[in-house]
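First the structure, in the form of structure tokens, and then the observations on it.
Just so it is clear, none of the values below were taken in a lab; they were calculated from the coordinates. From a predicted model like this one, the values you see are computed outputs, not experimental measurements. Neighbour counts are summed over all protein chains in view; Cβ atoms, including those assigned to glycine, are modelled from backbone coordinates with ideal geometry.
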Amino acid sequence: MSMYKVLIVDDEPRIRDGLSTLIDWGELGFVVVDKAANGIEAMNKYKRLEPDLIIADIRMPEMNGLELVKAIRSAGGAMHVLILSGYADFEYAKQAMTLRIDGYLLKPVDEDELMDYLAKLKKELDQESEYKRSADRERGTSTETAILAMLSEDGAKHGQPQAIREWDAFEVVLIKPHGLGTEEALAYAQIRKNLEDKFEPAGRGIVFQLEPYIGLLLSGGYHREEWSRRLLYQDIQAACAEYADDFTAAAGNQATVWSELRSSYLSALDLMRRRFFLESETIATAGSGTPFVARSQACSDKQALDGAMAGQKLYWAVDIGKRESIVRQVEEAAAALIKLGRGETEFKAEFVQLLSDVLDKLSVSRPEFNTREYRARLLELYTELHCRSFLHRIVGILVDIADSIECSSGRSPIARMIDLIHRNYSDNLKLEKLAELFNYNSAYLGKLFKSETGEHFNTYLDKVRIEHAKKLLEQGMKVYQAADKVGYANVDYFHAKFRKYEGASPSAYKKK
């Protein structure tokens, strides 16, 4: 019986040695082939040993566990990974979810938990080995070999196979199934067989293996007509239905001669790399994109780079409990990030950070509000496969938060503005920004505010700030500290405002 190779990586010798003797590895189908004290040493040993499983500490000098996994993944490494940590750290767990980690174990390692992981991994590795052997046998067919050779960089050297000499056009479609479950290799193989049964007997196309995708070489220009794209999508959907939760499919440019096949493949591959931002439930083609991609293209550079207020405005939208404002702020932030060229991982991470900032501010402005449940839901965002569903889930979280706090959404906009000012007077509150949230013209909103309060917006805000500053000064706080605490970055400006409303300087008031 073949054994699967394990590399243990930890900067503590006792952990490395302890793990290697903790269980009977051989009985479970594994063998510890080596140990490493840090990520750099592990990288060198990985290249030489090609282990099937790496068990790595998340915190190590020089190169930590996540950096190690990211480096190996970037180089094409497809090994399984178990991460060890002495810290139940949200930030690390969040990163780990983007790197295809099989398990996340806290130290000291529980023997039974580790054995359960290994039993599951053994089953997956057995399936992958069997699938690889089967795929290797199938890959020997001349047509698939010719297609794969043509898609390589020196593809022009390979002739067109006999089986498709009569085709007058070609088109490469790449298919990526998602959520294949525990028996991933078998599900992948069955989807491929279903596609072969659907396309090959009828001469509609040839299925080929191109991990992590299933390739489909179509006869003719399938994506030229809406009806044909819809038919193609339905056929792929039927092939995946029993074995995958979802899938992404991207069609390359049409090739009219065999020598253009690689160009079709590269255009499909480029779409696949941007698949997170493409519409779901359709075949991606050149020019595909969500409404957020279209909106980003319409953004000016100034709009795209003006991200400093994004978290602030999102928090205000939640605070006033206005759903349409929440939706608008989320979509504007999405368009700005796409305009800045953010990839899927960066896009998700920056949005999660935005939501974390909103929760942080709510913890301060509403100390009675428990944010724990919502912070736990942030990790779920990383499982979303498409931009649209990702943003929909974000809106859902924010609306749930707005519904759970006493945002008084039934009250007038002015009443809600007053509440917002009294809770957030130290923020950079601007009438123009609040008008956007309420979907009002700023001049009109200013008149409404003056009519109901008897004060201009800026005057009202200044008076609230000065009242809070007086309390801070009475408590012994220094003038420049009080100014900053209530929202005045310029202490001279604070002096002028204080004297205007109190008839004395902050220093004189403090001495009273």
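List of remarks:
- Extreme residue, positive dipole direction of the chain, given options 383, 424, 147 (C-beta unit charges): 424
- Against the main long axis of the alpha-carbon atoms of the chain, helix 142-151 sits at an angle near 40°.
- Dipole magnitude for the range 4-130: computed about the Cα centre from +1 point charges on Lys and Arg Cβ and -1 point charges on Asp and Glu Cβ, it is near 480 debye.
- Distance in nm between pseudo-label sites at residue 102 and residue 444 (7 Å out along the Cβ direction from Cα): 6.1
- Computed over the chain, the per-residue total of -39500 (n - 2.57) for DSSP H runs of n ≥ 4 gives a 222 nm mean residue ellipticity of -17500 deg cm²/dmol, rounded to 500.
- For the pair residue 12 and residue 182 in one chain, pulling the backbone fully straight at 0.36 nm per residue adds 58.0 nm over the alpha carbon distance.
- Added length on full extension, which subtracts the Cα-Cα distance from 0.36 nm per residue, residue 126 to residue 22: 35.1 nm
- Counting neighbouring beta carbons within 10 Å and listing from fewest to most, the residues 324, 436 come out as 324, 436.
- For residue 30, distant residues with modelled amide H under 5 Å away: 4
- Geometric descriptor of the chain, per residue, is 203 Å³ (volume of the convex hull of the Cα atoms).
- Using Cβ point charges alone (K and R +1, D and E -1), the dipole size of the chain about the Cα centre works out to roughly 2620 debye.
- Where labels lie 7 Å past Cα in the beta-carbon direction, separation of residue 471 and residue 411 in nm: 1.7
- Cross-link partners of residue 322 among lysines (Cα-Cα below 20 Å; sequence separation of 8 or more within a chain): 313, 361, 430, 433
- Computed from point charges on the beta carbon alone (+1 for Lys and Arg, -1 for Asp and Glu), the dipole magnitude for the range 334-385 about its Cα centre is near 100 Debye.
- Computing FRET efficiency as 1/(1 + (r/R0)^6) for residue 202 and residue 273, where r is the C-beta to C-beta distance and R0 is 35 Å, gives about 0.70.
- Net length available on complete extension from residue 484 to residue 456 is 7.8 nm, with 0.36 nm assigned per residue and the Cα-Cα distance removed.
- 0 to 90° range, to nearest 10: angle between helix 310-320 axis and the chain longest Cα axis: 60
- In the chain, the longest principal axis of the Cα atoms and the axis of helix 226-240 are about 70 degrees apart.
- Anchor residue 5: lysines whose Cα lies under 25 Å away (excluding residues fewer than 8 positions away in-chain): 35, 45, 47, 70, 107, 120, 122, 123, 132
- Computing Rg and the Kirkwood Rh from the Cα coordinates of the range 1-88 gives a ratio, Rg/Rh, of 0.94.
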